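The values are calculated or read from the model by the stated rules, or taken from the named source; none is laboratory data. Being a predicted model, the structure only gives us computed values, none of them experimental. So basically every Cβ, Gly included, is an ideal-geometry build from the backbone, and we count neighbours across all protein chains shown. Areas reflect the complete protein model, heavy atoms only, side chains present, ligands, DNA and RNA absent. Shrake-Rupley method; radii C 1.70, N 1.55, O 1.52, S 1.80 Å.
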Amino acid sequence: MSDARNYLLTVDSDKQAAVQIAHETATKLETKQVTLIDVVQSLGEYINEEDASIRSKAVNYLSTVIAALPPTFLTRQQIQVLCQFLCDRIEDGGAVRGLSKLQGLSRFNKEMATMTFRALLGHFQDLQLRPQPQRLQILELLHELMSHHRSALKDMGAESLVGITDLVSGEKDPRNLMIIFSVLKVVMVEWDIVGHAETLFDSVFCYFPITFRPPPDDPYGITAQDLKNRLRECIAATKYFAPHAFPQLLDKLDSTSPNVKKDVLQTITACALSYDVTTMANYSITLWESLKFEILNVQEEDLADEALVALRAIAVKLSQGLTSTDAKTPLARYLRPVTKECNEQLQEPQHKQAKPAGQILSSLGTASPIAFVLVVKTVVAPMLTLYQDAGDIAKQRAILEVFVQILDSGLATFGMSGSTDPFPEVANPLDAFKDRLFELFSQALMGTAKEELSFRMVALKGLLRLCTLRKYLQDNEIGLAVQWLDEIVLLDDSNGRDDLKNEAIRALVEISKIKPSLIMDITFPAFMAKLPDTSPSGNKDYIITLEGLAQLSVEKAISDTLVRRLLNRLDAVLQHDGPLAYPQAMLSTLQYVLSRRDLANDGNLGSYHEKIVVGLIRRAALAAAGHGPKTALNDEATMRILGRLVNVVVRALDSHKQASVAAQIYTLFTNDDEFHPIPFSPESTVLAEDHRMTLILSTFLMAGVGREADLPYTTSSENTKTHALLDELVRLALEETSTTIRQALLAQITLITNKFLASKDVHLSTDVLVRLSADIPVEDQKSEASIRVIFWIARGLILRLADTEKVLEHLLALLPNVRYGASAARGFGVLLAPDEVISKDNGCTIRLLAKQKAFHICVPHIARDFRNAKSTAKTNYLIALSGIIKYIPTEVLMPQLDTLLPLLLQSLDLQDPEVKAATIETLTVVSQESPAAVEGHISSLVNRLLKAAADPKTNIARVRHNALRCLRVFPGKVKDSALLPYKMAVTRGLMAVLDDPKRHVRKEAVDCRAAWFNMDEAEVDD
């Protein structure tokens, strides 16, 4: 039995086996067991069969054999014969696939391509009556011919042009259209289409605008934007379309649909950038007359923006190759009516069309240097006259705003100072107006009443642009501007509003990037002079000065100077008593500045180590031990700020320096006779609280050093590494009565557990946890201390995914206990909480899956034990659940909603405000991400949330606000049919909340009530 017969008998029942048969035939051809003539002759009785399905199977067999052959196996003559054979039977299944394989062979020539193309035209004039898969296969063959044998089709001239147009007309399938648009674009660009332009244009413009919406879960991934882009490329493909494209596009610009208008504007932009200069010159003014209404009479901002882009694209095209500002150029003729219209609109600068007119001028000015010259020469002089004659501040402000827009164009065209881009060959036309503009903006900024904030704000923006425009102002002029900006920051009375001061600081920062020497010479001395040498009482003007200095320290030279001078000033301040806020602000400024620096590669790092890490910490430690005067550094809050500053520096040190810091974590760079380290201090030594407070600094030092550093009191042996320090810190934490000092000890315990213990030594922390869990003291105070230590050890283990399951089982086992279950429940909020000390920046091990694993262990356990727990212990489980889920990502929560929701609802009845607030936040996320899940609980949710929102006496503001926000989310997310029964109750219940004592709660109540009130109203389609 022949392979052909086997194939035909097999293909219907087992396609894979049939393909294998065809591949075996191909192998026989390669090994010359059979010839190509034998294969074709074996199909004889089937090829001429009246049954079309049998003919199709036979041709499909041959195509499959061809596809399996190596690319160079067939000779040119064989390809010619096969091509003729398949073209004659192109309507039989598989022939198109065979031709697709043949056309990809290197010996497939021009004549064969022509033959194939004519076969397509001759047999598929009814293409749109064929099934979509067959149409797609035919169009793919056409695309392949166009890609590989374009010259053959192009030489056919009008025959191929008309043939392709007729073949593809009427197609609607998006996959097929993507191919059609690609093929037609090639014809439009490369064929001689004179005499056929209208036919080709009509073949694609009939699809404009695209209204396709892909079905949900579309496997092909074709979007409406994909189709729009391809169609737009076709419409913009050739200048010969202009007489047809522009009139029809402008006609469609009158559409009431914003999407259609946007599509039209983007297509006009594409045409403007694609068509030649002569073509665009012919249509530029017509386009302006239509586009200007979209900008001057703006209905939607995004449409106005698109129209501006289109106008600019026309100017860009007309600027091509232009070096002259001659009034007879196409660009000048285009801009003449534009600038005339804009000048007329600017005569009344307060009218609503003045601002869009400024936007038009600004946009066109960025098209090219020549365009900017033409705009400035026509517009600036009349505007200066208009400003001089303006009778009120409002009118002057509107004119200044237009000047700012024009200056933005200048910056886009000529660049900022310091730019390395080539400078345009034309002179900056603003040079002629430099003195007047500088005087105008300067007087507006400094010569206007202080109360005119908005006017001065615009003037400041304009002055900044003058300073940053390349090759414009001289250094002495920029220096004057810097002095005025300094004056605004340092001397202006803001009356509670710092908008202008903040804008002035931002301007100084911009100038510092291009002229750092001016900032160093003018601003720094002025700012530093405003900083007092002692802590002022009541007056906090230094805050804006320090903020300004911090933001100005962008350049390294400025930053170095700031750090040096601030440290000197801090030293002077610490010499005197006074309010703590000032030295705290100085330390915070230093931290902000250094945290933005690449300290590891900074040549001054050694100096910062000596002056900040060693110098300030030693000073605080000696004062705490009674060997020096106490200063602001010995205050708890100041010590934390100093700790953050020190931490930034220590993290940047090399391993050798960090090792020396690690050795001084508890001695704090003091001598033995000056300061008693707190761990392992003799029992007879009673250390004062001020002395113990230095543990805050020890914590930040420990956090800053790398995990390779050896901590004090740590010993190693051959078999194990014992952490005497860990045991000592646990003892101290259990005994400590000061909350702040205890927190420092707990953070150190977590750091050792998470960061410094090697994997083989993790059991040391686990052993401590297990021991403490098994022997919790009876006394409340001692039991709470033990619980705290247990959970902070657990935190370090869980974040590094060490013994997570074992640890969590011990923690969950604490919840039912009557004495300490409540304390344990609150401890769960510590486990996954973000922390400035326990962080990746400090080298801690925080695994990506740590939160997910803790969640998946805890939630099922809590849900199961909650059902069986005594009523007195149920609250503990709900508090513990809240502590876990408030740090869990939404995507992890969602799969567990069925388990979580009943527990979350019961958590709303708890009195703990933090638990309630966190629970409501979770419910809000659930309602947004999975509204169907809450539909069955709407009654319970609405009642509980209204109760939480309505009582300021029992619910803190955060709870009330969160409850209202959750209620507001329901309309639009949850089905109206589920909410409507509660609409009246909610709108009435919210009436009382409208008088809430907190403003943000009242606002949320108004928004929430409006959402429910309008819930069942139909949306009006604009």
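Within a straight-line Cα-Cα reach of under 12 Å, Lys434 can be paired with the following aspartates and glutamates, leaving aside sequence neighbours fewer than 8 residues apart in one chain: Glu477. Working ranking of peptides 927-935, 451-459, 940-948 by packing, defined as the average number of other Cβ atoms within 10 Å per residue, highest first, is 940-948, 451-459, 927-935.
Between Leu445, Gln483, Thr468, the Cα set farthest toward the positive side of the dipole of the stretch 444-512 (charges on each charged residue's Cβ, about the Cα centre) is that of Thr468.
Multiplying each eigenvalue of the alpha-carbon gyration tensor of the chain by 5 and taking the square root yields semi-axes of 66, 49, 32 Å, largest first, rounded to whole angstroms.
Take every Cα pair under 8 Å in the chain that's 6+ residues apart, average their separations, divide by the length, and report that relative contact order as a whole percent. RCO, the chain: 4 percent. Of the peptides 578-584, 868-874, the ranking by mean beta-carbon count within 10 Å, highest at the top, reads 578-584, 868-874.
Can you send over the carbon and sulfur percentage of the accessible area for the stretch 890-1021, probe radius 1.4 Å, protein chains only? If you can, show how the numbers build up before the last one.
Details: 3290 of 6680 Å².
About 49 percent, which is the carbon plus sulfur part of the accessible surface.
Does anyone have the angle between helix 636-652 and the longest principal axis of the chain? Alpha-carbon axes, 0 to 90°, nearest 10? That works out to roughly 50 degrees.
Averaging 1/r across all pairs of distinct Cα atoms in the stretch 479-637 and inverting the result yields a Kirkwood radius of 16.6 Å.
Computed over the stretch 701-823, relative contact order equals 22 percent, with contacts defined as Cα pairs under 8 Å that lie 6+ residues apart. Basic side chains Lys and Arg get +1 at the Cβ, acidic Asp and Glu get -1 at the Cβ, and with that the dipole of the stretch 890-1021 about its Cα centre reaches some 600 debye. Packing here is the average count of other Cβ atoms within 10 Å per residue, and on that basis the peptides 776-784, 311-319, 1006-1014, highest first, run 311-319, 1006-1014, 776-784. Can you give the angle from 0 to 90° between the axis of helix 763-774 and the longest principal axis of the chain, with both taken from C-alpha atoms, to the nearest 10? Computed tilt is about 60 degrees.
State in Å² the accessible area per residue of the stretch 890-1021; use a 1.4 Å probe, count heavy atoms of protein chains only, and round to the nearest integer. Could the numbers behind the result be given before it?
Working: 6680 Å² over 132 residues.
Normalised by residue count, the accessible surface of the stretch 890-1021 is 51 Å².
Would you mind calculating the relative contact order of the stretch 890-1021 from Cα pairs under 8 angstrom and at least 6 residues apart, reporting the percent as a whole number? Each step should come with its number before you reach the end.
Numbers: 140 pairs, mean separation 30.4, N = 132.
Taking the mean separation of contacting Cα pairs over the length of the stretch 890-1021, I get 23 percent.
Solvent-free Debye calculation, one equal scatterer per alpha-carbon of the stretch 859-993: log10 I(q)/I(0) at 0.09, 0.13, 0.19, 0.22 Å⁻¹ equals -0.25, -0.52, -1.11, -1.40. Between the helical axis of 938-950 and the longest alpha-carbon principal axis of the chain there is an angle of about 40 degrees. Bridging of Lys185 to lysines at a Cα separation below 23 Å is possible for Lys110, Lys154, Lys172, Lys228, Lys239, Lys252, Lys262, Lys317, once same-chain residues fewer than 8 apart are set aside. Within a straight-line Cα-Cα reach of under 15 Å, Lys1003 can be paired with the following aspartates and glutamates, leaving aside sequence neighbours fewer than 8 residues apart in one chain: Asp995.
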